[in-house]
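A.B. asks: Right, I'll just put the structure down here and ask away after.
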Amino acid sequence: MAMASSRLLWASRAASYLRISTFPRAFSTVLKDLKYAETHEWVKVEGDLATVGITDHAQDHLGDVVYVELPEVGTCVSQGNNFGAVESVKATSDINSPISGEVIAVNDELTEKPGLVNANPYEGGWIIKVKVKDAGELNSLMDDEKYSKFCEEEDGKH
């Protein structure tokens, strides 16, 4: 993967030097071990702990993130309900929880570095960690294949 991205970077630099336009990437990264909500949040569950963030697709559409509104630790979140917001240079978008439970950690690093949501939405750009109330709620979320198709349809690419 690193080799492919370095080739892409080289090609992009070469195109820039030659004043050739480059096309934006067609597909956002979708990871296999996560579940996805229709509102473009992801959740990774390990035991009774869930890590939540916004997807690569969402951050790509938002543009450069300049502020992330985080809930307080101890807040209870409900599946499908708003718990915060992401503000970008283009728009402000609510963040909805893909799973119900109690917030046990927030990514305080996003206060100083909100761009982590853009740079690394699935690792350093996570938003909250939740103690899961009902793991059965995961059944109503999409897997990676369904989410990829959902994004393509939403973007009008059939």
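A.B. asks: For the range 95-129, give me each residue that is free of Cβ contacts under 8 Å to residues at least 40 places away in the same chain, within 25 Å of Lys32 (Cβ to Cβ) and assigned to a strand (DSSP E or B).
C.D. replies: Ala105, the sole residue that qualifies.
A.B. asks: For the range 37-71: of the residues being of a type in the set (Asp, Glu) and within 22 Å of Glu154 (Cα to Cα), which is surrounded by the fewest Cβ atoms within 10 Å (Cβ to Cβ)?
C.D. replies: Asp64
A.B. asks: Kindly indicate whether Gly74 is on the phi < 0 side of the Ramachandran plot, surrounded by fewer than 22 Cβ atoms within 10 Å (Cβ to Cβ) and small (Gly, Ala, Ser).
C.D. replies: Values: on the phi < 0 side of the Ramachandran plot: no; surrounded by fewer than 22 Cβ atoms within 10 Å (Cβ to Cβ): yes; small (Gly, Ala, Ser): yes.
The answer is no for Gly74.
No lab work stands behind these numbers, since they all come straight from the coordinates. Keep in mind the model is a prediction, meaning the values are calculated, not measured. Here the Cβ is made from the backbone with ideal geometry for all residues, glycine too, and neighbour counts use every protein chain on show.
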